[in-house]
Amino acid sequence: MQVGIDQIGFYTPNKYVDMVDLAHARNEDVDKYLIGIGQSQMSVADQTQDAVSMGINATQYLPQIDREQVGLLIFGTESGVDQSKSASLFVKSALNLAPEVRTFEVKEACFGMTAGVMIARDYVRLHPYHSAIVIGSDLARYGIGTSGEVTQGAGSVSLLIKANPRILTLNDGHSAFSQDVNDFWRPNNSATALVDGKYSTQVYLDFFQRTFTDYQKLKKLQTSDFTALIYHLPFTKMGLKANRLAIADQDEATSELLATNFTTAACYGRVVGNIYTASLYLSLLSLLENSILPADALIGLFSYGSGAMGEFFSGKTVANYEKMLNPSGTKKLLQRRQKLAIPEYERIFTTALSDPIDGTTLISDEEAGYWYFAGTKNRIRQYRQK
Ligand code: HMG
């Protein structure tokens, strides 16, 4: 029995900053942001979009969830809204899932969603009549004027994992590597991340090389066996550097194929920015919606979470996978975003770093149908649908 990804949902907030504007405002060369970092735009969440509301929005439009079959709901995030209650309980309630669903939140920086995917894969293997929803949802925030500012973003990806999936089968096995390092972290009392930026990029590349090499040994695979290698993309240049390491010393056809598919996989990340846990899965969506891959194409996935944890695993495309995707819907979602002038972005960003005073009702400017955070009542978070 094959187990894997049957459906993919995506949400990003309705506002963005253009990197050309940001570069001008920060007195940086525009090409540093567009080429050196490799980002063109970044999504910005106002106070009404948090990890929970974005997670509901990514999940509610999964084309066909059989609510009776869902046995597990996992929420990976490092932008959690409560130290105790799981973000997934709000989603379960918004989507009217059955009370029997097992549900919880996981955290290991950007690795959180992959942890959920692996648990879900193994769960469905043992319970083939059940499916699992895995959500990654995050707001990447470093702060105004920081060197990480250009690598911010906001969004969520939701996956339905089930037996006989219609998009990507997940292969057995993985290679993992973890080490206690301080490359990036966010203390409980800080709304923005702390980072040793240059060091973090070195650790990322080191973990990629280790896990990719180990995976190839484990599965007796060559780089040329892969149709695409896709990455956690904190910013596209980061993945590009890893991909360059992967294709060094490869024949021309392999290098060209993997370079082309890398560029395709980075299209959405380039305009959304870092969405931490969900970033790797946004790369997957970008690859699948913007290229035509044959059935059984081997895709290698590199997941990285600071702190740090790296994992490489793979999957194979299912024939006619494109029927399960909606590229024009994704295009519409990205195009509906309103461009913010830099002072407006700074105001929205700063306001969204904290919740409104208890009892205040927030009004969302989202389109009808989307969920949003409406403020707290008696310090209980309120989520509403527009
Ligand atoms: P910086 O110091 O401002 O940038 O910060 P820089 O000086 O290193 O320049 C960046 C690149 O632009 C360089 O290219 C420059 O040469 C180039 P590189 O040497 O890297 O190839 N450049 C230009 N290119 C063209 N034209 C120009 C020009 N000028 C310069 N005129 C840094 C960059 C990434 C460090 C910063 O943005 C940062 O700290 N970001 C946040 C940390 C991060 O994303 N780290 C990634 C790895 S860790 C990770 O992925 C986990 C994470 O997602 C969190 C989690 O797991 O939860 C972050």
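None of the figures in this text is laboratory data; all of them are computed from the coordinates on show. On a predicted model such as this, the values are computed, not experimentally measured, just so you know. Positions of Cβ are generated from backbone atoms using ideal geometry, with glycine treated the same way; all protein chains shown enter the neighbour counts.
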Open item on the list: For segment 234-327, give me every one of the helices (runs of 4 or more DSSP H) that falls completely inside it and has 3 or more residues that are β-branched (Val, Ile, Thr) and under 20 Å from residue 38 (Cα atoms).
Closed with: 252-265
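Can you name the residue in segment 83-113 that is among the basic types (Lys, Arg) and over 21 Å from the mean Cα position of the chain (by Cα) and, of all such residues, is nearest to the ligand (Cβ to nearest atom)?
Within segment 83-113, the match that is nearest to the ligand (Cβ to nearest atom) is 85.
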- [ ] Return the only residue of 192, 213, 201 being within 20 Å of the chain's Cα centre (by Cα) and either in a strand (DSSP E or B) or more than 9 Å from the ligand (Cβ to nearest atom) (or both).
- [x] 192
- [ ] Go through (1) among the hydrophobic types (A, V, I, L, M, F, W, C); (2) buried (at least 23 other Cβ atoms within 10 Å of the Cβ); (3) more than 16 Å from the ligand (Cβ to nearest atom) one by one and return the number of the condition residue 51 breaks.
- [x] (3)
Open item on the list: Going by what's in this entry, would residue 241 be described as free of Cβ contacts under 8 Å to residues at least 12 places away in the same chain and either within 14 Å of the ligand (Cβ to nearest atom) or not acidic (Asp, Glu) (or both)?
Closed with: no
- [ ] Could you tell me whether residue 221 is more than 10 Å from the ligand (Cβ to nearest atom) and either in a helix (DSSP H, G or I) or over 19 Å from residue 174 (Cα atoms) (or both)?
- [x] no
TODO: Return a yes/no flag: does segment 371-378 have any residue that is farther than 28 Å from residue 116 by Cα, out of contact with any Pro (no Cβ under 9 Å at 6 or more places or on another chain) and part of a helix (DSSP H, G or I).
DONE: no
TODO: Hey, can you tell me all the residues within segment 90-110 that are assigned to a loop (DSSP other than H, G, I, E, B), of a type outside the set (S, T, N, Q) and surrounded by fewer than 17 Cβ atoms within 10 Å (Cβ to Cβ)?
DONE: 98, 99, 100, 107
- [ ] Assess whether residue 80 counts as being within 16 Å of the ligand (Cβ to nearest atom), surrounded by fewer than 24 Cβ atoms within 10 Å (Cβ to Cβ) and closer than 22 Å to residue 284 by Cα.
- [x] no
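Just give me the residues in segment 185-204 being within 28 Å of residue 35 (Cα to Cα) and surrounded by fewer than 16 Cβ atoms within 10 Å (Cβ to Cβ), in sequence order.
The answer is 185, 194, 196, 197, 198, 199, 202.
Give the residue, chosen from 119, 144, that is touching a residue at least 40 places away in the same chain (Cβ under 8 Å), under 18 Å from residue 281 (Cβ atoms) and surrounded by fewer than 19 Cβ atoms within 10 Å (Cβ to Cβ). Don't jump to the end; show me each part of the working.
Numbers: 144 fails: under 18 Å from residue 281 (Cβ atoms).
Within the list 119, 144, the selection yields 119.
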Open item on the list: Quick check on residue 32: is it crowded, with 20+ Cβ neighbours inside 10 Å and either among the basic types (Lys, Arg) or more than 30 Å from residue 80 (Cβ to Cβ) (or both)?
Closed with: no
- [ ] Report, by residue number, each residue of segment 130-185 that is touching an Asp or Glu at 6+ places or on another chain (Cβ under 7 Å), of a type in the set (D, E, K, R), within 16 Å of the ligand (Cβ to nearest atom) and outside any loop (DSSP other than H, G, I, E, B).
- [x] 138
